[in-house]
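Here's the structure we're looking at; comments come further down.
Only the coordinates and a few stated rules stand behind these numbers; no lab work does. Note that the structure is predicted; figures quoted are calculated from it, not measured. Methodologically, a virtual Cβ is constructed for each residue, glycine included, from the backbone with ideal geometry; neighbour enumeration extends over all protein chains shown.
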Amino acid sequence: MTTALITHPDCLKHETPAGHPEQVARLARVLAALEGKALTHVKAPLAAEDDLLRVHPKSYVDSIRAAAPSEGLVQIDADTWMSPGSLAAAHRAAGGAVRAVDMVLGGEAGNAFVATRPPGHHAERETAMGFCLFGNVALAAKHALDHHGLRRVAVVDFDVHHGNGTQDLLEDDARAFFVSSHQFPLWPGSGTADETGPHGTVMNLPIPPGTGSDEFRRLYEERVFPRIEAFTPDLILVSAGFDAHRADPLADLRLETADFTWITGRLCDLADSLCGGRLVSVMEGGYDLDALAESAAAHVDVLIARGAG
């Protein structure tokens with residue numbers, strides 16, 4: 001089987017103000033870094049209303065639709081903006097995550113990487129924030145559980161910022177295990193270790209600024225991977241943010257590109273042993289363009305090697 005690359009040109013039309021870190025060039029550079037690789041290219045569909053409503057109330061979805069400008073830029077919160085192309089891009093990002101789940105669970109691909117924007121892991125039930133409009137990976141998890149009838153899914157978020165939105169959208173569902181490793185203290189200020197959710201299915205790993213490869217790997221080996229094994233998911237979803245890289249301008253962790261190769265391989269090991277290799281990765285943050293492109297390419301190289309196995 002192959003690795004699916006799910007993306008869409010609409011995601012290049014989500015514009016932000018000059019100098020904004022979540023810029024069009026992020027996706028353009030990632031896609032350029034993936035050119036020529038052995039991938040099954042799939043255009044991300046627009047998310048169906050039913051899928052959005054699995055995690056967001058209709059009033060919120062309607063408010064995002066109403067906020068979309070016909071020209072110029074609109075500021076949604078301190079960090080989050082919409083342009084005329086943003087609504088379609090957000091629907092493609094959400095729809096791409098759902099399509100990836102369908103492909104992997106349907107046997108059309110061994111695994112998948114969803115290269116879209118805007119990202120999603122900060123979007124809460126009724127709040128757009130942190131560059132995010134819809135909870136892409138959370139609604140993909142709900143789609144896997146509700147539409148495909150899976151018993152359990154695990155979501156692993158190694159973005160440098162806490163996945164507050166994914167936590168908010170999934171913590172009430174005992175079928176979903178969510179783990180976030182993130183620099184702390186750092187925006188958005190949530191994600192302390194005592195946030196475990198009403199069912200004990202949330203795991204937060206706050207990591208001090210300056211933490212590097214050895215400690216990062218130790219935390220995952222000793223704490224995260226055993227919890228995933230104990231949960232026995234039928235599918236592993238990854239919020240793949242590459243902003244824990246030492247070159248990233250928005251944070252202060254010290255990971256190298258090789259660490260993203262390592263964690264991707266270890267997550268694929270778990271997927272192989274627990275759920276027939278079924279893994280879907282969804283792009284989140286990463287704001288140094290060179291580090292983002294290099295790290296995303298390294299991540300996908302592992303998916304290709306493992307998906308073909």
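The lysines within cross-link reach of Lys58, meaning a Cα-to-Cα straight distance under 22 Å and a gap of 8 or more places when in the same chain, are Lys142. Within the listed set Glu126, Glu35, Glu49, the residue fluctuating most in the Gaussian network model of the chain (springs between alpha-carbon atoms under 10 angstrom) is Glu35. When you filter the GluC sites (Glu not before Pro) in the range 233-309 for DSSP loop state and at most 13 other Cβ atoms inside 10 Å of their Cβ, nothing is left. Take 299-306, 130-137, 267-274, 39-46 and order them by the average number of nearby Cβ atoms within 10 Å per residue, most first; the result is 130-137, 299-306, 267-274, 39-46. Averaging 1/r across all pairs of distinct Cα atoms in the chain and inverting the result yields a Kirkwood radius of 18.7 Å. Considering only alpha-carbon pairs that sit under 8 angstrom and 6 or more positions apart, the relative contact order computed for the chain is 20 percent. Hey, quick one: spin label on Arg217, modelled 7 Å out along Cα-Cβ, who in the range 233-263 has an amide N within reach, i.e. under 11 Å? Zone members listed by number: 256, 258-263.
Once every DSSP H run of n ≥ 4 in the chain is given -39500 (n - 2.57) and the sum is divided by its residues, what mean residue ellipticity at 222 nm do you get, rounded to the nearest 500 deg cm²/dmol? Helix-only estimate at 222 nm: -11500 deg cm²/dmol. Start at zero, step by 5 Å, and the Cα-Cα distances of the range 24-177 spread as 2, 9, 18, 23, 21, 15, 9, 3, 0 percent across the bins.
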